[in-house]
Amino acid sequence: MKRHLLLLIGVLIFTGGASAQSGELEIFSWWAGDEGPALEALIALYNIHYPQVEVVNATVTGGAGVNFRAVLKTRMLGGNPPDSFQVHAGQELIGTWVIANRMQDLTWLYKEEGWFDVFPQGLIDQLAYEGGIYSVPVNIHRAGVLWYLPDNLAMWGIELPTTLDEFYAVCTTLQSQGVTPLVIGEAWTAIHLWDQVALSVLGADGYEALWTGNLSPASPQMIAVWDAFGRMLDCTNIQQNAAGLSWQQATDVLVAGGAAFNVMGDWVAGYLSTTLGLTAGEDYGWADFPGTQGTFTWLSDTFGLPVGAPNESAAIAWLRLIGSVEGQNIFNPLKGSIPARIDAVAAAPEAYNPYLQYTAQQWASARLVGSMMHGVVANERFMGDFNQVLDIYIQSRSSAGAASAMEAVCIQAGACGY
Ligand code: GAL
């Protein structure tokens, strides 16, 4: 009874009269189908606070937003923005929409909500441009995770590889048993892998130097990255069925025992625990990508307020909710991510499984590195064109050729410090 009363008081304080909101609210994201439960829970919570608002959950299917971004661009440029849309912190937000003056400054909302005290400064920096702040982070995902099933590794008689050389050795052992060492899916998942190989070969300083203009994309170090990437690709299903697999389907191959490892962000933890009902730390395990120990490749899903959003006040209420402790604690345990707020896990520790508890500790202690594939360190133009570099490499297997093609793409896109 007492708890219900407290909850009711909480709801009243939160809405503070704002339940007078009505009309529509269109939320636009790529969290469709089995990627949807966390977003749906957040929308259900919004509906409790604002029952008069009709929320339209508009999605474009396709991992990492690869299909979504094209539709978003058409809408934004066509003068038909959604009320709020999913966008990664960093260059995907700043180097694409903010510099084009398409987003509204939310500094006032950060002040009102006290967010300067609860979001890490390093994260706020990735949402800021020329004195304004342009989106609200709902989570932190970790990109460089090696996923596996402990029982299967034991069955195949292999230890967790901690360096690239150990990985290559494990790769040979697994292939001799007819097992795919590393399962990948459609093109973006290969880029996701490339990101981790680059971090492993270059180290955190070198990886950062690449994106800030202090390491040439055509340098010998980068040729070594492409060489290592090639060796990794030889351990995957790239020649078989990779192109036709979504990240979920690639994860299914892992679960079915067709492959030993998957290198993916921790949305895989959301899929394994929330969708497939597996137990973190028992049914599935995780490790750092070989050679990246001590680092944490991060990315953050955020939502902003586009210029010309048709239902602005309902959208602001949405932003307030996703930035609240309550919103972050509904969303993240289901999503496989940790809250962007530093005070949220402590408010509901029991909601976070062992993987997420571990990741929250790592977020606080590891060396943070921004993900390229998920928008932090390179803009959208670069991302689109880097796909072609990947194709060139896969066709030619020329490391020097890929390195110089990458340099050209960096220059054209104004990325990598150019
Ligand atoms: C990432 C996104 C995650 C997850 C993943 C797979 O880019 O940040 O939240 O959705 O793509 O689609």
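The values are calculated or read from the model by the stated rules, or taken from the named source; none is laboratory data. Everything numeric here is computed off the predicted structure, so don't read it as measured data. So basically every Cβ, Gly included, is an ideal-geometry build from the backbone, and we count neighbours across all protein chains shown. Just so you know, the surface numbers come from the protein's heavy atoms only, side chains and all, with ligands and any DNA or RNA stripped out. Shrake-Rupley method; radii C 1.70, N 1.55, O 1.52, S 1.80 Å.
Note on the stretch 320-329: among residues that are hydrophobic (A, V, I, L, M, F, W, C) and crowded, with 22+ Cβ neighbours inside 10 Å, the one that is nearest to the ligand (Cβ to nearest atom) is Ile322. Scanning the stretch 113-143 for residues that are more than 16 Å from the ligand (Cβ to nearest atom) and touching an Asp or Glu at 6+ places or on another chain (Cβ under 7 Å) returns Val118, Gly132, Ile133, Tyr134. Could you check, for the stretch 254-269, whether at least one of its residues is under 30 Å from Met103 (Cα atoms) and either open to solvent by 10 Å² or more (accessible area, probe 1.4 Å) or in contact with a Gly (Cβ under 6 Å, 6 or more places away or on another chain) (or both)? Within the stretch 254-269, one or more residues are under 30 Å from Met103 (Cα atoms) and either open to solvent by 10 Å² or more (accessible area, probe 1.4 Å) or in contact with a Gly (Cβ under 6 Å, 6 or more places away or on another chain) (or both).
Exactly one residue among Ala378, Ala405, Ala366 is more than 16 Å from the ligand (Cβ to nearest atom), under 18 Å from the mean Cα position of the chain (by Cα) and open to solvent by less than 30 Å² (accessible area, probe 1.4 Å), and that residue is Ala366.
In the set Ala348, Ala314, Ala360, only one residue is surrounded by fewer than 24 Cβ atoms within 10 Å (Cβ to Cβ) and closer than 28 Å to Phe68 by Cβ; that residue is Ala360. Going through (1) assigned to a loop (DSSP other than H, G, I, E, B); (2) more than 18 Å from Ile140 (Cα to Cα); (3) hydrophobic (A, V, I, L, M, F, W, C) one by one, Ala340 falls short only on (2). Taking the stated definitions as given, is Thr61 assigned to a helix (DSSP H, G or I), of a type in the set (Ser, Thr, Tyr) and at pLDDT 95 or above? Here the answer is no, as Thr61 does not meet what is asked.
If I go through the stretch 360-388 residue by residue, how many of them are out of contact with any Gly (no Cβ under 6 Å at 6 or more places or on another chain) and farther than 19 Å from Ser200 by Cβ? Result for the stretch 360-388: 13.
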